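Participant: Handing you a structure now.
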Amino acid sequence: MPGYDAVVLGRLGRLADRCALVATREGRAERILWGGTGFRDWFEDEIRDRPLVQMPDEIRRPIEEIGIAALRTGEPAGARCDRITDGVVTTWNLVGVPLANGSGTPLLLVHVDSEGVRTELMQAMFGATGQGLMALGAIREASGAVADFKIVALNQGAAEILGRPVASLQWQRLGDLVPVRLGVTQRLSGVLGCADRATFELAVPRADRTTLHLKVEAQAIGDLVAVAMTDVGDIKAREASFRFLFESNPLPMWLVDQDSARFVAVNEAAVAHYGYSREAFLARGLQDLSEAVAFSFARDGRLHRHRRADGSLIDVTLFERSLAFEGRPAVLGAAIDVTEQRRAEARITHMAHHDALTGLPNRALFTTRLAEVIAEHARTGAGAALLCLDLDKFKLVNDTLGHPAGDTLLRAVADRITACLHGEDLVARLGGDEFAVLLRTPYAGTVSAVAGRIIEALSHPVRLGDRECQIGVSVGIACLPEHGTDSDTLLRHADLALYRAKADGGCIAHYFEAAMDSWDRSRRRREADLHEAFARGDLALAYQPVVGVRSRAIVGFEALLRWHHPVEGAIPPSEFVPLAEETGLIVPIGAWVLRQACAEASLWADPVRIAVNLSPVQFRDPGLVATVREALALSGLAPHRLELEVTESVLLAASEANVATLHALRDLGVRIAMDDFGTGYCSLSYLQKFPFDKIKIDRSFVSRLGEDPHSTAIVQAVIGLGASLGIVTVAEGVETEVQFAHLRAEGCEEVQGYLFGRPIPAPQAVGPIRREPDVAA
């Protein structure tokens with residue numbers, strides 16, 4: 001670092017005129033000690049012994065920057081000083097040299113250039129912006145009124161907006177550039193003499209037939225007007241697009257003031273959809289549409305319920321955005337009417353959880369409600385009861401009168417069950433003729449009382465058209481928590497109780513009992529034993545004679561299935577035949593019975609016939625006709641010696657298909673008999689559907705012959721009907737001579753019963769065929 005004596009006193013010379021000596025302290029410039037004449041002229045004031053803090057910022061700051069840099073490095077440092085005078089910026093270069101001082105505190109010698117660089121500030125600002133800037137001078141008439149304005153100055157932005165070079169526009173009259181009809185002169189005249197700034201918009205037609213949209217801001221400076229022009233064409237285009245999309249949008253749309261939530265604009269779709277006129281809309285707020293008491297702007301996609309002008313309610317999804325509208329905050333809203341969609345969804349949801357026929361909850365919804373009740377029990381200990389219901393004789397009614405009648409019956413049943421319950425209880429249709437009831441918080445005796453009411457309600461006949469149909473219902477009951485604490489256990493136990501109620505004759509209610517588990521296991525074991533017995537060949541046939549009334553001779557036998565269990569002994573057919581039908585085992589068993597019976601009958605003297613019963617389940621087997629054909633072929637039995645007995649239920653279930661099967665069997669040459677005639681709903685109608693060879697009068701009528709006038713009349717009528725149609729009549733269950741005498745007197749052709757012989761094994765049946773039957777046997 002050079003010393004003060006060497007530089008200032010020795011070599012500085014004429015440069016000292018534009019220099020100043022600065023004292024420093026702690027590495028910073030602090031005070032100007034003296035300055036040359038040129039430096040004082042530049043500063044325009046006395047500077048001797050002047051603290052820097054008393055100097056203008058535009059001089060103090062550069063000297064401080066130089067001092068910090070030069071004192072830190074020990075090398076010269078420079079800075080720029082900008083000074084503004086009368087709108088002109090003059091830039092000076094300052095250079096500082098650090099000097100060593102004998103006292104130990106360095107000095108700083110600062111030099112300023114003799115010439116500065118001048119810049120017109122307004123010109124720089126004019127050129128730096130893309131905005132159109134102009135200074136306009138007023139041209140006045142002799143009266144002093146403003147006639148026009150001339151362009152005193154303008155920037156390149158204004159020239160580009162007006163579409164002409166700067167030089168050709170300066171000093172031009174504004175009236176020559178802008179159509180008089182736009183009233184620009186009048187607007188700018190109003191600015192003169194006014195302290196406020198004026199803002200307005202202009203739409204200036206161009207030569208290419210486009211329109212120049214300008215936002216104009218103007219303020220007076222004496223008799224001059226400073227004008228700033230902004231091309232807002234893009235903004236106008238966007239606004240036009242927005243208006244087009246807003247007005248022509250098929251969705252109801254509106255703009256509401258963000259502070260008051262009152263409508264400031266609505267589109268035509270909103271007017272049409274809500275039914276309010278545009279004026280009525282604009283007199284309202286968004287909260288006036290909402291049904292909700294509390295109001296707030298919606299998050300996108302939130303569902304709202306609105307009320308239309310006619311008072312109807314609609315569900316809408318609102319989408320909203322905040323924006324500025326005419327200089328104030330607003331919210332743009334669009335509404336999508338989802339009323340029909342929600343109704344459709346509600347219908348779909350209802351269909352998914354309700355039975356289409358009865359309108360009751362279905363299995364899925366019932367399972368959900370049962371799970372809720374079990375969860376509530378786990379929380380609070382509240383009990384419940386589950387009732388499983390199965391209609392008695394429904395299938396007979398449904399198949400007899402047709403499915404439409406069955407559907408009507410199910411709806412009536414649903415109404416009757418519902419009428420037996422309280423509001424908090426639930427009834428569901430699980431499928432077919434199965435129903436379930438869930439009783440919430442039942443009290444002692446309530447469950448039995450409800451079950452009793454349901455049984456009583458369904459015991460009354462149901463009118464279907466011009467008919468009255470009698471049905472019933474069996475009920476199985478399981479209670480929470482006594483009979484289980486989970487859905488599967490409760491349903492299984494209620495089903496077991498229901499099955500036991502049906503096994504006990506139906507039209508009753510049973511609570512689940514622990515013994516039912518063993519009963520169910522016993523039934524399953526019986527099913528397994530039946531499969532095993534059939535596989536081992538433990539099933540056998542017994543033959544009961546059929547006798548001609550006039551000759552008292554055996555004209556045939558009915559083959560009856562028997563099962564002798566190795567442990568339990570003889571199992572009644574009424575117990576194992578339904579089990580075989582349930583499991584489908586009746587189809588192979590029935591085929592075996594046909595083969596055995598035909599083979600046995602082939603050993604008998606012609607024309608003794610063999611009668612075999614066919615189960616309704618066998619008619620579901622498409623191979624039934626082939627099975628009969630095979631049995632005849634293997635045995636060599638003449639087809640006319642085989643009688644196939646069917647009950648009305650064969651014709652009830654899928655009657656058209658089964659009637660076709662009966663015709664196919666008859667085409668084989670076998671005889672078809674209707675068993676248990678008179679016990680069903682439409683026995684007479686089936687005599688029209690199919691030409692039966694024989695009808696068998698049920699033992700329930702025969703057993704009361706001579707005692708019950710109604711039974712006697714029915715037997716007489718059936719025998720007379722058979723004679724009229726040329727159909728052989730057979731009476732079952734004849735056990736006394738009195739019954740036989742009545743039948744013979746009425747003209748019955750064949751009889752069957754213990755009076756003429758019990759069912760016997762095949763070897764014992766061969767003997768009686770060759771002699772007169774022992775009527776006392």
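Laboratory data are not the source of any read-out in this text; all were calculated from the coordinates shown. Model, not experiment: these values are computed from the prediction. For neighbour counting, all protein chains shown are included, and Cβ atoms are generated from backbone atoms with ideal geometry for every residue, glycine included.
Participant: Apply the Karplus parameterisation 6.51 cos²θ - 1.76 cosθ + 1.60, with θ equal to phi minus 60°, to every residue of the stretch 708-725 and state each ³J(HN,Hα) to the nearest whole Hz, in sequence, with x for glycine and proline.
Facilitator: Along the stretch 708-725, the couplings run 10, x, 5, 5, 4, 5, 5, 4, 4, 5, 5, 5, x, 5, x, 4, 5, 8 Hz.
Participant: Also, I was wondering about something else. Measure nothing fancy, just the Cα-based angle from helix 586-601's long axis to the longest principal axis of the chain, in degrees from 0 to 90, nearest 10.
Facilitator: Taking Cα atoms only, the helix is inclined about 20 degrees.
Participant: For the stretch 161-176, in order, what is each residue's ³J(HN,Hα) by Karplus, 6.51 cos²θ - 1.76 cosθ + 1.60 with θ = phi - 60°, in whole Hz (x at glycine and Pro)?
Facilitator: So the J values, rounded to whole Hz, are 5, 7, x, 9, x, 4, 4, 7, 9, 5, 6, 6, 6, 5, x, 7.
Participant: Regarding the chain, what whole-number volume in Å³ per residue does the convex hull of its Cα atoms give?
Facilitator: Cα convex hull per residue, to the nearest whole number: 405 Å³.
Participant: OK, next. Output the 0 to 90 degree angle, nearest 10, between the alpha-carbon long axis of helix 624-635 and the longest principal axis computed from the alpha carbons of the chain.
Facilitator: 40 degrees
Participant: Here's another thing I want to ask about it. Please give the contour-minus-distance gain from Ser248 to Val180: 0.36 nm per residue of separation, less the Cα-Cα distance, rounded to one decimal in nm.
Facilitator: Answer, rounded to one decimal: 20.9 nm.
Participant: Using a simple spin-label model with points 7 Å from Cα along the Cα→Cβ vector, what separation in nm is obtained for Arg629 and Lys215?
Facilitator: 9.6 nm
Participant: Would you mind checking which residues have amide H under 5 Å from Phe149's amide H? H placed 1.01 Å from N; only 5 or more apart, or other chain.
Facilitator: Close amide H contacts, sequence-distant or interchain: Ile139, Leu174, Gly175.
Participant: Is it possible to state the helix-based mean residue ellipticity at 222 nm for the chain, with each DSSP H run of 4+ residues giving -39500 (n - 2.57), the sum divided by total residues, to the nearest 500 deg cm²/dmol? What is it?
Facilitator: Mean residue ellipticity at 222 nm (helix-derived): -11500 deg cm²/dmol.
Participant: Continuing with the same structure: Could you give the longest part of the chain that holds none of the GluC sites (Glu not before Pro) found in DSSP loops with at most 11 neighbouring Cβ atoms within 10 Å?
Facilitator: In the chain, the maximal stretch lacking such sites is 142-290.
Participant: To the nearest 0.05, how large is the calculated FRET efficiency for Arg550 and Ala503 if R₀ is 41 Å and r is the Cβ-Cβ distance?
Facilitator: Plugging the Cβ-Cβ distance into 1/(1 + (r/R0)^6) gives 0.45.
Participant: To continue, here is another question. Measure off 7 Å from each Cα along the Cα-to-Cβ vector at Ala147 and His564, then give the distance between these two points in nanometres to one decimal.
Facilitator: Label-label distance for Ala147 and His564, simple model: 14.5 nm.
Participant: Follow-up question, since we're still on this one. Scan around Arg284 for amide H atoms under 5 Å from its own, H built in the peptide plane at 1.01 Å from N, and keep only partners 5 or more places away or cross-chain.
Facilitator: Phe263
Participant: Next up: Among Leu71, Leu169, Val88, flag the residue with its Cα farthest along the positive direction of the charge dipole of the stretch 55-185, charges on Cβ as +1 for Lys/Arg and -1 for Asp/Glu.
Facilitator: Leu169
Participant: Between Thr85 and Ala713, how many nm apart are label points set 7 Å from Cα along the C-beta direction?
Facilitator: Spacing of the two 7 Å Cα→Cβ label points: 14.3 nm.
Participant: Same structure again: Helix 363-380 versus the longest principal axis of the chain: what angle, 0 to 90°, nearest 10, using Cα atoms?
Facilitator: 70 degrees
Participant: Now for a different question. Residue by residue through the stretch 570-577, what is 3J(HN,Hα) from phi via Karplus (6.51 cos²θ - 1.76 cosθ + 1.60, θ = phi - 60°)? Round to whole Hz and write x for glycine and proline.
Facilitator: Whole-Hz 3J(HN,Hα) from phi for the stretch 570-577: 5, 9, x, x, 5, 9, 8, 5.
Participant: Also: Under the definition of Cα pairs under 8 Å and six or more residues apart, what whole-number percent is the relative contact order of the chain?
Facilitator: With pairs under 8 Å counted, the relative contact order is 5 percent.
Participant: Convex hull over the alpha-carbon atoms of the stretch 235-342: what's its volume per residue in Å³?
Facilitator: So the per-residue hull volume is 103 Å³.
Participant: Counting only pairs 8 or more places apart or on different chains, how many lysine pairs in the chain have C-alpha atoms closer than 20 Å?
Facilitator: 5
Participant: While we're on this one: In terms of modelled amide H atoms, which long-range or inter-chain residues lie less than 5 Å from the amide H of Ile471?
Facilitator: Val462
Participant: May I ask you to compute the full-extension gain from Val166 to Asp407, defined as 0.36 nm times their residue separation minus their alpha-carbon distance, rounded to one decimal in nm?
Facilitator: 77.4 nm
Participant: Between Arg524 and Asp486, what is the FRET efficiency for a Förster distance of 30 Å, r being their Cβ-Cβ separation, to the nearest 0.05?
Facilitator: Computed FRET efficiency for Arg524 and Asp486: 0.85.
Participant: FRET efficiency for His460 and Ala356, Cβ-Cβ distance as r, R0 = 30 Å, nearest 0.05?
Facilitator: 0.70
Participant: In debye to the nearest 20, how big a dipole does the stretch 359-512 give about its Cα centre with +1 on each Lys and Arg Cβ and -1 on each Asp and Glu Cβ?
Facilitator: 100 debye
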